[in-house]
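Peer 1: What follows is a single structure, and I will ask about it in a moment.
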2 protein chains.
Amino acid sequence: MSGDLPVSPLAPKKFPSLPTVKGVRLATAATGLKYQGRDDLLVCEVAEGSTVAGTFTKSKTSSAPVDWCKKALSGGEARGLIVNSGNANAFTGKAGDKAVESCIEAVADQIACRPSRVFAASTGVIGEQLLVEKITSQVPDVWSRLADANSDAWTLAANAIMTTDTFAKGAGQMVKFGDVDVHIAGIAKGSGMIAPDMATMLAFVFTDAAIPGSILQQLLSRSVDESFNAITVDSDTSTSDTVLLMATGSIDGQPEISSVDAPELAGFKRALQDVLTDLAQQIVRDGEGATKFIAVAVKGAENDLAARRIGLSIANSPLVKTSIAGEDANWGRIVMAVGKSGEMVDRDKLSIQIGGHHVAQDGVAVDDFDEAPIAAHMKNDEIDISVDIGIGEGSATVWTCDLTHGYISINADYRS
Amino acid sequence: MSGDLPVSPLAPKKFPSLPTVKGVRLATAATGLKYQGRDDLLVCEVAEGSTVAGTFTKSKTSSAPVDWCKKALSGGEARGLIVNSGNANAFTGKAGDKAVESCIEAVADQIACRPSRVFAASTGVIGEQLLVEKITSQVPDVWSRLADANSDAWTLAANAIMTTDTFAKGAGQMVKFGDVDVHIAGIAKGSGMIAPDMATMLAFVFTDAAIPGSILQQLLSRSVDESFNAITVDSDTSTSDTVLLMATGSIDGQPEISSVDAPELAGFKRALQDVLTDLAQQIVRDGEGATKFIAVAVKGAENDLAARRIGLSIANSPLVKTSIAGEDANWGRIVMAVGKSGEMVDRDKLSIQIGGHHVAQDGVAVDDFDEAPIAAHMKNDEIDISVDIGIGEGSATVWTCDLTHGYISINADYRS
């Protein structure tokens, strides 16, 4: 299906050149599971002693690989990763659990490590049994081709995990850690917050920094809240959402970190946040049918969580998203979405800006505001909405895209 | 705008013939507030001693008339109602509150009653000040034309409260109450669970049964949960949603009711539920761009509330709604929507039927199910989805419509 779709008009100009991450080796292969003529299998080996952190979908019908990863994560250590596209291995019952175990064992055999050190993710059709032999039979060959995780390898990896994505997604950073430079590289897939018959959002991030597993998990959980948990395309949540962060520590001379608040971590935290936010925004930019990238900044809410919920209520509203598609600065719909969020709001303190211009202040429309600059802003590819709730210190920014005929066409007119 | 839109293909063949409700008098007028060449003002007088019950939007940015009604309702008694279409008087600050008071006073002057006995509702554009003199100046004349609430009067009333509706909505019943026949007649407006720039869902229901206010409120609250609270078009919640039920008691010989569980109420409860459900379903049938009416029945949930939340999660999912628009029995999207509901679910006990045919059972796809009858069902105007969670006794049914290019056209391509 992705082959039929034009590249999103909001796509970055090209795939970025990602840094080599020490201690990570990658390879891809074509299993023919669903797609023809393209790679759909990614395997990664990470150095002995690598730590791992993860966050997963909150769905109560989570996929078999998600269930596996949640369990494996308790060990806090990783040696390998296997990812396939084309089949999500979700809603596949006990056979689905067995299929994951087969993939895991195939990789663990190559590494000669415990199965619980290996992680897995699957993305694609829901409810179809995974023909796991098509994957496991490839593992010895693809493993023999593992190569250092350099810029070329990341590009192949990002392409192998795509489903309905119209462009491959990657982001990277180099950052000073104590006296040495460490690297972060991440790849992601997803178009639509989720398209569950081509499920779902996946992101894999690697660093050669040396960070203990429990601290890595805290870093990831905080950063995901302000990146992947702050984006929405269509309010639907997939069975397979997975973010994994692996840290190899494969560079000598790094500082020893004993707390998430260690001052040495400041630069790394910023870099990690940048990488995750960049990847999350790329998913929005590939939102099904998207023609506009929308940032919704909320301040003055009761607290940060309330601000994010208000932001998501605006960003998920079909009426807000269609009015932006129509380049109509219909701020009444923003008021509606604030009101339905369920968060504490005082109508008479609410102010709204579009493109930096006030349209409503203190609960009423601004008298005789100049519509020309707002109308001009609505024609942009990037739309800024700011809401001041006016009652507290909570703030958050969320990102979404508009809701267009393209979304309907992709999800209703095409048949899977 | 409504004039531009074709009548929904899901509309009933004609407006029903509603029964005369004793003790209710109605009249309509044209104020020219927004629409030209049609009535947009409805006034009602109800007999002295009438009781009243109401349910309202949970929005934190509720409209000025909603705020008034919530306060007035504490008295439990009603004498009058005034409704305008074309302007929602929402997000209009203190001036909006004053505008409601002016309307209320104009009606209370005619009746010579306390203002707190008069109720108001407004529907239309958000954020524009209501030019209240256009309404109040009409009140003496329209009041002089009040006439018995017979079939013709109900038809005029239902038309006067329309905004983007493509057909007028009404439902009525006659029911034995003790030894006498009493009547229920209701009118509603709404297309889109809500289109907040043409806000919103309103329903006014009248009966000549004699029912104390506190019992009337309990009856209404229960019935609304299984009717208006069980429908969704686009998951957006308006600033103005209002359901008012007024009971005149204007027929002699009725039983005295002292409890909501009185056996004499059984028939009335069923009739009230039928009227509210009929009105609620008519709103879904007028959903913006709707081409299919969808019933989602959930059973086996932890409890009834969980069942309704799961049903609404399915009914609100853009991916489920677009697949139905595309006549695609994409049950993987239903699994996704069950999972994201947040309610208790055991993947391995979940079963799904479409059009009465199992597609998934006990957590996996049904092997080799016959796709022909399901494909035929998907071509119908009315789609039935049944989900059995398999863990408890909770059940609920909710109603929605599909998500089509028509919804995008109405909300993005047209400008307000």
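The values are calculated or read from the model by the stated rules, or taken from the named source; none is laboratory data. What you see is a predicted model, and the numbers here were worked out from it, not measured in a lab. Using ideal geometry, Cβ is built from the backbone for each residue, glycine included, and neighbour counts are taken over all protein chains shown. Ligands, DNA and RNA are stripped out before the accessible areas are found, and what is left, the full protein with its side chains, is counted by its heavy atoms. Shrake-Rupley method; radii C 1.70, N 1.55, O 1.52, S 1.80 Å.
Peer 1: I'd like the Karplus ³J(HN,Hα) series for segment A:344-357: coefficients 6.51, -1.76, 1.60, θ = phi - 60°, whole numbers in Hz, and an x wherever there's a Gly or Pro.
Peer 2: 5, 9, 10, 3, 7, 10, 7, 10, 9, 10, 10, x, x, 10
Peer 1: Where in segment A:288-385 are there trypsin sites (Lys or Arg not before Pro) that are in a DSSP coil and have at most 12 other Cβ atoms within 10 angstrom of their Cβ?
Peer 2: A:Lys379
Peer 1: How far is helix A:266-285 tilted, in degrees, relative to the longest principal axis of the Cα atoms in chain A, given as a value from 0 to 90 rounded to the nearest 10?
Peer 2: Approximately 70 degrees, to the nearest ten.
Peer 1: Also: With axes computed from alpha carbons, what is the tilt in degrees of helix A:151-160 against the longest principal axis of chain A, rounded to the nearest 10 within 0 to 90?
Peer 2: That helix lies at roughly 80 degrees to the long axis.
Peer 1: Just counting partner chain Cβ atoms within 10 Å, what average do the residues of peptide B:319-328 show around their Cβ?
Peer 2: Partner Cβ neighbours, averaged per residue: 6.
Peer 1: Taking amide hydrogens as modeled 1.01 Å from N in the peptide plane, which residues meet the under 5 Å criterion relative to A:Gly178, leaving out close sequence neighbours?
Peer 2: Placed amide hydrogens put nothing under 5 Å from A:Gly178.
Peer 1: Please say if chain A is rounded, prolate or oblate, where rounded means a/c under 1.5 for a ≥ b ≥ c the square roots of the C-alpha gyration tensor eigenvalues, and otherwise the choice is prolate for a/b larger than b/c and oblate otherwise?
Peer 2: Verdict is prolate for chain A.
Peer 1: Another one. Once the Cα atoms of helix A:93-111 and of chain A are each reduced to a long axis, what angle between those two axes, in degrees from 0 to 90 to the nearest 10, is obtained?
Peer 2: Between helix and principal axis, roughly 60 degrees.
Peer 1: Okay, moving on. I need the fraction of alpha carbon pairs in segment B:293-413 separated by more than 19 Å, rounded to a whole percent.
Peer 2: Numbers: 3089 of 7260 pairs.
Percent of Cα pairs beyond 19 Å in segment B:293-413: 43.
Peer 1: A further question on this structure: Placing +1 on the Cβ of each Lys and Arg and -1 on the Cβ of each Asp and Glu in chain A, which of A:Thr397, A:Pro19, A:Val100 has its Cα farthest towards the positive end of the resulting dipole?
Peer 2: A:Val100
Peer 1: For every helix of n ≥ 4 consecutive DSSP H residues, a contribution of -39,500 (n - 2.57) applies; sum these over chain B, divide by its total residues, and give [θ] at 222 nm rounded to the nearest 500 deg cm²/dmol.
Peer 2: Working: 12 runs with 124 residues, N = 416.
For chain B, the value works out to -9000 deg cm²/dmol.
Peer 1: Out of all DSSP beta bridges with both ends in segment A:293-413, state the antiparallel percent to the nearest 5.
Peer 2: DSSP beta bridges in segment A:293-413 are roughly 70 percent antiparallel.
Peer 1: Among the DSSP beta bridges whose two residues both lie in the protein assembly as shown, what percent are antiparallel, rounded to the nearest 5?
Peer 2: Rounded to the nearest five, the antiparallel share is 70 percent.
Peer 1: Now, a different point. Check B:Ile294: other-chain or 5+ apart residues with amide H under 5 Å from its amide H, H built from backbone geometry?
Peer 2: B:Ile383, B:Thr400, B:Cys401
Peer 1: Can you list the HN-Hα couplings for segment B:333-340, worked out from phi with the Karplus curve (6.51, -1.76, 1.60; θ = phi - 60°), rounded to whole Hz and with x for Gly and Pro?
Peer 2: Taking θ as phi minus 60°, the curve returns 5, 5, 4, 4, 5, 4, x, 7 Hz for segment B:333-340.
Peer 1: I would also like to ask the following. Would segment A:9-119 count as rounded, prolate or oblate if I go by the C-alpha gyration tensor, calling it rounded below 1.5 in a/c and otherwise prolate when a/b exceeds b/c, oblate otherwise?
Peer 2: Judged from the Cα gyration tensor, segment A:9-119 comes out rounded (a/c under 1.5).
Peer 1: Further question on the same structure: Of all beta bridges DSSP finds with both residues in segment A:2-285, what is the antiparallel percent, to the nearest 5? Intermediate results must be reported in sequence, preceding the final value.
Peer 2: Details: 36 of 50 bridges.
Looking only at bridges with both residues in segment A:2-285, the antiparallel portion is about 70 percent.
Peer 1: Now a separate question. What quantity of accessible surface, computed with a 1.4 Å probe and excluding non-protein components, is buried in total between chains A and B, in Å² to the nearest 100?
Peer 2: On the way: alone 17140 and 17120 Å², together 29310 Å².
It comes to approximately 4900 Å² buried between A and B.
Peer 1: Let me ask you something else. Normalised by the number of residues in chain A, what is the relative contact order in percent for Cα pairs under 8 Å and 6+ residues apart?
Peer 2: Taking the mean separation of contacting Cα pairs over the length of chain A, I get 18 percent.
Peer 1: Taking amide H positions as placed 1.01 Å from N in the peptide plane, with prolines and chain starts having none, which residues 5 or more places from B:Ala30, or on another chain, fall under 5 Å of its amide H?
Peer 2: The answer is B:Asp40.
Peer 1: Looking only at Cα atoms, what is the convex hull volume of the protein assembly as shown per residue, in Å³?
Peer 2: Spelled out: Cα convex hull of the protein assembly as shown, divided by residues, is 155 Å³.
Peer 1: Which of A:Ala262, A:Ala64, A:Ala11 ends up with the largest GNM mean-square fluctuation for chain A, with Cα atoms connected below 10 Å?
Peer 2: Judging by the Gaussian network model, the answer is A:Ala262.
Peer 1: Apply the Karplus parameterisation 6.51 cos²θ - 1.76 cosθ + 1.60, with θ equal to phi minus 60°, to every residue of segment B:175-184 and state each ³J(HN,Hα) to the nearest whole Hz, in sequence, with x for glycine and proline.
Peer 2: For segment B:175-184, the Karplus-derived couplings read 8, 6, 10, x, 9, 10, 8, 10, 10, 10 Hz, x marking Gly and Pro.
Peer 1: Among all the lysines, which ones have a C-alpha under 25 Å from B:Lys22's C-alpha, if same-chain residues fewer than 8 places away are not counted?
Peer 2: B:Lys14, B:Lys169, B:Lys176, B:Lys189, B:Lys269
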